[in-house]
1. What pairs can you find where one residue is in region 69-89 and over 27 Å from T143 (Cβ atoms), the other is surrounded by 14 or more Cβ atoms within 10 Å (Cβ to Cβ), and their Cβ atoms are less than 6 Å apart, with a gap of 6+ or different chains?
2. Checking K216 against (1) charged (D, E, K, R); (2) open to solvent by 90 Å² or more (accessible area, probe 1.4 Å); (3) assigned to a helix (DSSP H, G or I), which test does it fail?
3. Could you go through region 92-106 and let me know if any residue there is basic (K, R), over 20 Å from the mean Cα position of the chain (by Cα) and within 25 Å of A150 (Cα to Cα).
4. Is it the case that region 179-188 has a residue that's loosely packed, with under 14 Cβ neighbours inside 10 Å, under 27 Å from R47 (Cβ atoms) and at pLDDT 90 or above?
5. Does region 191-219 hold any residues that are of a type in the set (G, A, S) and either under 16 Å from A150 (Cα atoms) or touching a Gly at 6+ places or on another chain (Cβ under 9 Å) (or both), and which are they?
6. Filter region 158-201 for residues that are in contact (Cβ under 8 Å) with a residue 60 or more places away in the chain and among the charged types (D, E, K, R); which is nearest to H76 (Cα to Cα)?
Amino acid sequence: MRDLEHRRPQPWPIRVAHWVNVPLLAIMAASGLQILAAYPMLGPQGRPYGWYPFQGTPPPEWSRLGDWLAGARHWHFAFGWFLTLNGVAYVLYLALSGEWRRRLFLPRRDTRNALATLAFYLRLRGHAPEQGLYNGLQRLAYTGTLVLGALSILSGLALYKPVQLRALASLLGGYDPARALHLIVLALFALFTVGHILMVLLHPRTLGEMVTGGRKPDA
């Protein structure tokens, strides 16, 4: 823990993984929406899911990449491996460097702080609670993205090889539920991105730290 206290706020492996993710996520999202446009329905044929409000409505053309189904699949499956490798490298770095202690949500440590921070953002509390590198709400959000990343990879593999990985597809409820889960994960990533950008605009110093690494605390 003492070693962590004397590190820069954003070590270089964290920064590299963060900025590599930006174009990769954009490519994956846009190519995935082009794949969805080929059949813009969720649920088994003849029995679409009632909860999905956009049945039969393809995503807007400006949001799609690949021009047609096969082209979008080429983009999606090629860059999906790069995104997966980047995520695995990030998780390994967290585990081996001890950075997980500063960044991941630990319920016993962070729950109270997360609730107090949420109350502050909702103007139910007059001042922000104490925080270190991240507050409890930020740790919860960032830990949530790791869970979303795992779900995205697993559901994507089930869609990529539904026969060879039938056990995985069955674990996710079958092909159609896996497809719906994959799209829900994309929507949650988009929601996180919007919130992330808003927080950066409110606290622009964090953007500089993600570029330079930030100032190293005095030893």
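1. A72/S31; A72/Q34; A72/I35; A72/G66; W75/S31; W75/L65; W75/G66
2. With respect to (1) charged (D, E, K, R); (2) open to solvent by 90 Å² or more (accessible area, probe 1.4 Å); (3) assigned to a helix (DSSP H, G or I), K216 is out only on (3).
3. No, every residue in region 92-106 fails to be basic (K, R), over 20 Å from the mean Cα position of the chain (by Cα) and within 25 Å of A150 (Cα to Cα).
4. Quick first cut of region 179-188, residues loosely packed, with under 14 Cβ neighbours inside 10 Å only: 187.
Next, only the ones that are under 27 Å from R47 (Cβ atoms) stay: 187.
Pick out the ones that are also at pLDDT 90 or above and you get 187.
Yes, region 179-188 contains a residue that is loosely packed, with under 14 Cβ neighbours inside 10 Å, under 27 Å from R47 (Cβ atoms) and at pLDDT 90 or above.
5. Across region 191-219, the qualifying residues are G208, G214.
6. That would be R179.
The values are calculated or read from the model by the stated rules, or taken from the named source; none is laboratory data. Everything numeric here is computed off the predicted structure, so don't read it as measured data. Positions of Cβ are generated from backbone atoms using ideal geometry, with glycine treated the same way; all protein chains shown enter the neighbour counts. Calculation scope for accessible area: heavy atoms of the full protein, side chains included, ligands and nucleic acids excluded. Shrake-Rupley method; radii C 1.70, N 1.55, O 1.52, S 1.80 Å.
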